[in-house]
Amino acid sequence: MAFFAHQIRRGFSSSAVRNVVIKQVTIIGGGQMGAGIAQVAASTGHSVTLVDTSDDILKKSIKTIEGSLKRVVKKKFADKPEAGEEFIQKVLKNVSTSTDVGSAVQGSDLVLEAIVENLKIKQDLFSRLDKLAPAHTIFASNTSSLPISDISSATNRLDRFGGLHFFNPVPMMKLVEDTPGFIVNRLFVPYLYEAIRLYERGHGSKEDIDIAMKLGVGYPMGPFELSDYIGLDTIKFIMDGWREMDPDNTLFAPSELMDKLVAEGKLGKKTGEGFYKYK
Ligand SMILES: CCCCCCCC(=O)CC(=O)SCCNC(=O)CCNC(=O)[C@H](O)C(C)(C)COP(=O)(O)OP(=O)(O)OC[C@H]1O[C@@H](n2cnc3c(N)ncnc32)[C@H](O)[C@@H]1OP(=O)(O)O
Ligand SMILES: NC(=O)C1=CN([C@@H]2O[C@H](COP(=O)(O)OP(=O)(O)OC[C@H]3O[C@@H](n4cnc5c(N)ncnc54)[C@H](O)[C@@H]3O)[C@@H](O)[C@H]2O)C=CC1
């Protein structure tokens, strides 16, 4: 509980935010990131409401959380399976779901957004939330590439708005970026795209490039495996947005293959196919 709340407060300079006690958390977007953040927040004793556009999606989010909790418990409570099951039930009890954003934000101390990586859609959501949420509620975005000031400009609570950039898979990754600007993705996005360009130029197969990065640099996943894990739509959204802001930067040049896969709905692990196929 302390860690999650501490990270949130560190991300904001305003004294109004530093003094807020965060108990109720609303997470908007129950995809891979939203579900992961909900799990971590609920595991640390927060009361969480997860919001998405349909009950079917939310059912899937809860299933993901349950599956991930089982994996966590298998390790954390290896010798005490009963305590592990108790922990899972306690965490799940902390999570409720809703498709009604208006009622979900009532009583919320923190609203964390993890929806699609698109500025206009995020701005529309926060503009609505600004009118619906109580005055003390802190807003945060899990954006991986958009300037927080651009997103927050749609609201009137600039002193209670910040960026909280979690990493995928959230229950395993120990970093949350709350510094101004993003460090990891400024290095990471060109790396992934350069791997794709290498492949497009025929300099190596996907498999060989993945193996090379795993064995040569010790990365747990190669760039193609990781791209599929993140989601090709998210990666393309980021690259397209950065290219728009800095069109002459060759680091942000497009990839025909990436554009084609996304157009075909092959978004990676979450749709069953991306660079690789998944059962
Ligand atoms: C242009 C680019 C733009 C990108 C912009 C968007 C992205 C961002 O903004 C920022 C990001 O998040 S970048 C992505 C950062 N994440 C990574 O780099 C992940 C790399 N992979 C790994 O760390 C490990 O493969 C990993 C930890 C995932 C899995 O570990 P292993 O490789 O050892 O394989 P497994 O056998 O599957 O797992 C081993 C054990 O780890 C636990 N575990 C894994 N996933 C879990 C999960 N989701 N929940 C809970 N526990 C989990 C688990 O204990 C597992 O053991 P088993 O349960 O027995 O399998
Ligand atoms: N995938 C990754 O590895 C990482 C992604 N991010 C960022 O997190 C955010 C979410 O990414 P993912 O979870 O991967 O995407 P995702 O595609 O898995 O999930 C997005 C979810 O948001 C829902 N959604 C869309 N619009 C909505 C709205 N108006 N109201 C409620 N729900 C809505 C969708 O139905 C979907 O379930 C993006 O901003 C992304 O850049 C940040 C770090 C890592």
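Before moving on, here are some points about what is shown:
- Multiplying the residue separation of residue 207 and residue 121 by 0.36 nm and removing their Cα-Cα distance gives an extension gain of 27.4 nm.
- In the structure shown, the pairs 60/120; 93/269; 74/260; 80/174 are assessed against 31 Å; a Cα-Cα span above that value is assigned to 74/260.
- Extension gain, residue 80 to residue 263, is 61.1 nm, computed as 0.36 nm per intervening residue step minus the present C-alpha separation.
- Applying the Karplus relation 6.51 cos²θ - 1.76 cosθ + 1.60 with θ = phi - 60° to region 68-82 yields 3J(HN,Hα) values of 5, 4, 4, 5, 5, 5, 3, 8, 5, 10, 3, 9, 10, x, 5 Hz, where x marks Gly and Pro.
- Solvent-accessible area, 1.4 Å probe, carbon plus sulfur percent, for the chain: 56 percent
- From the largest down, region 76-136 spans 48, 26, 20 angstrom on the principal axes of its Cα atoms.
- Note that region 38-195 carries a Kirkwood radius of 17.2 Å, evaluated over its alpha carbons pair by pair.
- Degrees separating the helix 119-132 axis from the principal Cα axis of the chain, which is the longest one: 0 degrees
- √(5λ) per eigenvalue of the Cα gyration tensor, region 175-237, largest first, Å: 22, 14, 10
- Angle between the chain longest axis and helix 32-43 axis [Cα atoms, degrees, rounded to 10]: 40 degrees
- Region 73-93 and region 109-143: distance between their alpha carbon centers, rounded to Å: 32 Å
- Debye intensity ratio in log₁₀ form over the Cα atoms of the chain, taken at each q of 0.09 Å⁻¹: -0.45
- Computed from label points 7 Å out along Cα-Cβ, the spacing between residue 23 and residue 187 is 4.1 nm.
- Positive-end residue of 137, 61, 97, charge dipole of region 21-137 with Cβ unit charges: 61
- Stokes-Einstein D (µm²/s) once Rh is taken as the Kirkwood radius of region 141-279 over alpha-carbon pairs, at 20 °C in 1.002 mPa s: 132 µm²/s
- Of the Cα atoms belonging to region 113-200, the radius of gyration and Dmax stand at 15.0, 51 Å.
The values are calculated or read from the model by the stated rules, or taken from the named source; none is laboratory data. Note that this is a predicted model, so its numbers are computed, not measured. Reconstructed Cβ throughout: ideal geometry from the backbone, glycine too, with neighbour counts over all protein chains shown. These accessible areas exclude ligands, DNA and RNA; they are computed on the full protein's heavy atoms, side chains included. Shrake-Rupley method; radii C 1.70, N 1.55, O 1.52, S 1.80 Å.
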